[in-house]
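S.K.: Sharing a structure below in structure tokens format, with a few things to ask.
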Amino acid sequence: MIKVLVVDDSAFMRKMISDILERHENIRVIDKARNGQDALEKLKKLDPDVITMDVEMPVMSGIDALKEIMKRNPKPVIMVSSITKEGADTTIQAMEIGAFDFISKPSGSISLDFHKVGNDLIEKVLHASSLPAKKIKELSVVHEKKRPVSFTPVEDGLLYKQKPGLKSGVDTLVVIGTSTGGPKALQEVLARLPKSFPHPILIVQHMPKGFTKSLSERLNSLSEISVKEAEDGEIIKKGVAYIAPGGYHLKVRGVGTSVAIRLDQSELVNGHRPSVDTMFTSQTDIKLKNIIAVIMTGMGSDGKKGLVHLKENMKTIAIAESERTCVVYGMPRAAISTNLVDEVKDLEDIASTIVKYS
């Protein structure tokens with residue numbers, strides 16, 4: 001039985017979250033707390049397997065409580081956040097501090113329609129409860145700003161040289177897919193890429209609308225390359241990383257001799273929008289020479305079918321994150337099962353591997 005402590009300053013939300021979780025036969029809510037201080041006191045007595053933590057609370061906020069939990073006795077914590085600019089920024093901060101994942105309240109601090117994300121919450125609690133103690137401890141490690149790997153263009157490198165005459169200078173694209181644990185993993189990879197990195201980067205991080213802008217702003221502040229939320233129709237440039245906005249698929253299209261971003265709200269793929277499969281598959285709509293495809297930590301198998309499609313249709317180097325460093329090994333495991341992955345690397349070695357093939 002998975003023991004959960006529910007923390008929220010609203011009695012209504014505590015009851016709603018508890019009722020949703022206890023629909024699952026293997027989950028039991030052992031207690032509820034009304035703020036972060038109350039949660040810390042109950043944590044000592046109850047030793048829950050998983051904690052759901054509201055972000056904004058009086059007395060002690062969810063962020064301050066999370067810091068104390070990860071310092072004293074690391075546990076898998078799922079943040080419950082409102083979709084506001086402040087809420088999104090704080091949620092991204094929580095991911096850095098060590099939260100396992102987050103759920104967004106669909107309509108503000110007291111969400112009468114919270115049941116809409118109920119199945120997602122249950123799935124995240126189940127995955128969080130299976131996290132080994134070593135992985136939970138690793139979540140509590142706050143990564144310092146990384147020194148970028150060195151990069152010297154190689155005349156006869158494995159991938160084709162940049163073709164002269166392309167207005168956007170693009171003949172190679174890096175495409176990255178990730179989910180649970182992704183914000184921290186992306187920080188590790190993007191902050192290690194040098195300012196002179198010669199290719200555009202497209203990123204799908206499974207996140208709802210309202211959070212990807214805060215993520216891109218945070219990653220931009222930590223990286224030598226530029227990181228931004230993708231905009232429909234913009235021409236992609238080398239040395240810039242574009243993150244798919246929550247709620248939109250990220251695709252590409254040719255515009256003359258350049259490559260532009262195409263965002264749409266077509267059907268969910270693998271239960272996601274944005275979807276890694278959709279982004280990967282879209283690359284064959286344009287005629288680039290090379291793709292460097294990277295699949296990192298996350299639940300499920302999003303990216304697997306897209307990787308097969310890429311390998312069958314384009315010159316593609318595939319890199320997957322190792323089980324050792326993944327928060328959740330689902331997406332990389334699915335990619336590796338295709339036998340089409342060229343390199344399996346620990347998180348700290350992914351940036352240098354991308355650079356090697358550039």
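The values are calculated or read from the model by the stated rules, or taken from the named source; none is laboratory data. Remember, it's a predicted structure, so these values are computed and weren't measured experimentally. In this analysis, Cβ positions are derived from the backbone assuming ideal geometry, glycine residues included, and neighbour counts consider all displayed protein chains. Areas reflect the complete protein model, heavy atoms only, side chains present, ligands, DNA and RNA absent. Shrake-Rupley method; radii C 1.70, N 1.55, O 1.52, S 1.80 Å.
S.K.: Out of everything in the range 229-246 that is out of contact with any helix residue (DSSP H, G or I) (no Cβ under 9 Å at 6 or more places or on another chain) and open to solvent by less than 30 Å² (accessible area, probe 1.4 Å), what residue ends up being nearest to Pro194 (Cα to Cα)?
M.R.: Gly239
S.K.: Also: Which ones in the range 327-354 are open to solvent by 50 Å² or more (accessible area, probe 1.4 Å), within 18 Å of Gln187 (Cα to Cα) and in contact with a strand residue (DSSP E or B) (Cβ under 7 Å, 6 or more places away or on another chain)?
M.R.: Listed by number, the list holds a single entry, Lys345.
S.K.: Follow-up. Among Ile97, Ile51, Ile83, Ile78, which is closer than 21 Å to Met207 by Cα, modelled with pLDDT under 95 and out of contact with any Gly (no Cβ under 9 Å at 6 or more places or on another chain)?
M.R.: Answer to the selection: Ile97.
S.K.: Just to be sure I understand, how many residues within the range 293-335 are among the polar types (S, T, N, Q) and part of a loop (DSSP other than H, G, I, E, B)?
M.R.: 4
S.K.: While we're here: Inspect the range 73-83 for any residue being of a type in the set (D, E, K, R) and out of contact with any helix residue (DSSP H, G or I) (no Cβ under 8 Å at 6 or more places or on another chain) and give the result as yes or no.
M.R.: Looking for residues that are of a type in the set (D, E, K, R) and out of contact with any helix residue (DSSP H, G or I) (no Cβ under 8 Å at 6 or more places or on another chain), one finds none in the range 73-83, hence no.
S.K.: Ok, one more. When the residues of the range 218-238 are narrowed to those that are in contact with an Asp or Glu (Cβ under 9 Å, 6 or more places away or on another chain) and in contact (Cβ under 8 Å) with a residue 24 or more places away in the chain, which ends up farthest from Val355 (Cα to Cα)?
M.R.: Asp232
S.K.: Checking the conditions here, which among Met95, Met16, Met53 is buried (at least 19 other Cβ atoms within 10 Å of the Cβ), among the aliphatic types (A, V, I, L, M) and closer than 18 Å to Thr212 by Cα?
M.R.: The unique qualifying residue is Met95.
S.K.: Restrict the check to the range 303-326 and report whether at least one residue is open to solvent by less than 20 Å² (accessible area, probe 1.4 Å) and more than 17 Å from Val174 (Cα to Cα).
M.R.: Taking every residue of the range 303-326 in turn, at least one turns out to be open to solvent by less than 20 Å² (accessible area, probe 1.4 Å) and more than 17 Å from Val174 (Cα to Cα).
S.K.: Hey, could you check the range 250-292 for residues that are modelled with pLDDT of 95 or more, of a type in the set (Lys, Arg) and in a strand (DSSP E or B) and say which is nearest to the chain's Cα centre (by Cα)?
M.R.: Lys251
S.K.: Any residue at all in the range 118-125 that is of a type in the set (A, V, I, L, M), closer than 25 Å to Ser221 by Cα and open to solvent by less than 10 Å² (accessible area, probe 1.4 Å)?
M.R.: No, that holds for no residue.
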